[in-house]
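In what follows, a single structure is set out as structure tokens and then discussed.
What follows is calculated from the coordinates using simple rules that are stated; it is not laboratory data. Everything numeric here is computed off the predicted structure, so don't read it as measured data. So basically every Cβ, Gly included, is an ideal-geometry build from the backbone, and we count neighbours across all protein chains shown.
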Amino acid sequence: MSVTPGSSPASDRPTPAIPRAAAHERNLDEVERIARVGSWTLDPATGAATWSVEMYRILGLDPQGPALGLDEISRLFTPDSVDRVTAAVDRAVVAGEAWQTDLEIQRPDGTRAWVSSHGTAERDAEGSVVGIHGTMQDVTEHRGMERQLQQSQRLEAVGQLAGGIAHDFNNILTAIRGYTELVRDDLPSADPRRADLEHVLTAADRAADLIGQLLAFSRRQVLTPCVVDPAEVVSGIVPLLRRLLGEGIEVVTTGEPGLGRIMVDPGQLGQVVVNLAVNARDAMPRGGRLIIETTNVELDEAYVATHAEAVPGPHVLIAVSDTGHGMDTETQLQAFEPFFTTKGPDHGTGMGLATVYGIVKQSGGSIYLYSEPERGTTFKLYFPRTDAQAVPAPAPGPRAQHRSASGTILLVEDDANVRGYARRVLETAGFTVLEAATGVEALELAAANLATIDLLLTDAVLPGMHGAELAERLVAERPGLRVLFVSGFTENLVIQHGVVAQGINFLPKPYRAEDLVRSARQVLDTGRLPAADRP
């Protein structure tokens, strides 16, 4: 049967065709929606502007609302962004240059965003500009990730510098504090100069604390991680927090049943929470609330894609929030940097949040800061969950009764001042000391005296040969030789990622004379430092 167009039965009648121009416009809108890229045109002669549907969405406007002109759209851009895009359009008109620039907008709902604007001028055959065309894309998430990566790289670089400084200063402080103690102890108890030396020792202790914070920030401090219930750690320090923060600040904790376990140093985790609480206290001079939440979370690929350094998988979230005055964007960018502080002189060192950052990162976690001026601050700490069960800490047993100091110690230390101090302390305690500045010198001494050496006391970081290699060679020649490592730095063969290798005896610098003697005696007596003596 033949069908004449326009006269076919209803069942055979084709769907009316969409006009080609309308179909093209609809397809273009869909492509822009999928790509999340809007487009616009501007007639330089009349000033008339046309915005695509996706442009309205990017700017936070209703695509079905009334059409907006150039002036109305411009009000959504910050003054600096308006100046930049105006200059770019002028260059396109005069010199024919295409442009790309990032612009900041504030949507009608108050949210801020960043957009990437591309544009070019269209000319007729005579070279006159007849139109300006451009695209716009929301790059807020991309800029956020870029900012996170830049901040992470900056903190990593600063951390490397801080770690190297801390290593050198630990040697210096060991000598300063050590020789000061020796001079003090040689003076009569009534000598007024003892008080002066006590001031020197107090200053040295403060410097040692600061170096310890630098090591924490640079992820080079010594940790003793174990499987813990984070809720128990938090609840255990809440009484301390209430005393520390005062009556004007309410401390609130929330958790969920079945909270996962994490592998951290419990003492360092407690330090993290205390530091965040102190930071919150300073942000609430008139009082407020500190809220500590613990919960299980699953970090998916979508979250990881927008959060630098996050890894997917099951985690425990510890969130510490306050109702304080909050931080602006610039302050947030510098919050974790060492020595950065918004407080006045003599009100802290600016190491509190830097220490938090280092401990969390060294423990395999990640930390993110959320804050707005006058709306408080939240720190979110994510630690990977573990299926292992928490093991209660063993009750400390009685200390070993040390025999009188005796035996021969091979002392290997490349810093002459520290080596001289350690030798004097050990010899005063009754030990026989052989000293060497390098691993090679130590091997030469051992070749002639190995049978008489009872303890190898060596710095873990030595020029030419690490202390671990030296110990391995000497123990192979004399099985049963006791070994005690010392160091002011944790990136070496004894300590990997800040964790003391199992079975290793380690004494961190700077150490006191009594710590050195006690550790040497303990290792000679039992072969091991008790847990209470470990860092």
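Per-residue counts of other Cβ atoms within 10 Å, averaged by peptide: what ranking do you get for 240-246, 266-272, highest first?
The peptides rank, most packed first, as 266-272, 240-246.
I'd like the Karplus ³J(HN,Hα) series for the range 324-337: coefficients 6.51, -1.76, 1.60, θ = phi - 60°, whole numbers in Hz, and an x wherever there's a Gly or Pro.
Computed from phi, the couplings for the range 324-337 are x, 7, x, 9, 7, 4, 5, 5, 4, 5, 10, 4, 8, 6 Hz.
Among THR377, GLY270, THR355, pick out the residue whose Cα is farthest towards the positive end of the charge dipole of the range 226-386, where Lys and Arg carry +1 and Asp and Glu carry -1 on C-beta, about the Cα centre.
GLY270
Based on the Cβ-Cβ distance of ARG375 and GLU472, what FRET efficiency does E = 1/(1 + (r/R0)^6) give at R0 = 41 Å, to the nearest 0.05?
Numbers: r = 57 Å, r/R0 = 1.39.
FRET efficiency, ARG375 to GLU472: 0.10.
Taking amide H atoms as placed 1.01 Å from N in the peptide plane, list the residues 5 or more away in sequence, or in a different chain, whose amide H sits under 5 Å from that of ARG482.
Amide H to amide H, under 5 Å and 5 or more residues apart or across chains, ARG482 pairs with LEU456.
Compute the Cα gyration tensor for the range 18-138, then decide on rounded, prolate or oblate, letting a ≥ b ≥ c be the square roots of its eigenvalues: rounded whenever a/c is under 1.5, prolate when a/b is larger than b/c in the other cases, and oblate in all that remain.
oblate
How much length is gained if the chain between THR46 and TYR179 is pulled fully straight, taking 0.36 nm per residue apart and subtracting their Cα-Cα distance, in nm to one decimal?
Net length gain for the segment: 39.5 nm.
List the lysines whose Cα lies under 21 Å from the Cα of LYS361, skipping any in the same chain that are fewer than 8 positions away.
Cross-link targets: LYS380.
What number comes out for the charge environment of GLY96, summing +1 per Lys or Arg and -1 per Asp or Glu over other residues with Cβ under 15 Å away?
-3
For LEU333 and ALA195, what is the calculated FRET efficiency with R₀ set at 51 Å and r taken between the beta-carbons, to the nearest 0.05?
Details: r = 45 Å, r/R0 = 0.88.
It comes out at approximately 0.70.
Under the rule of at least 5 residues apart or a separate chain, name every residue whose amide H is placed under 5 Å from the amide H of ARG385.
So ARG385 has HN proximity to HIS315, VAL316.
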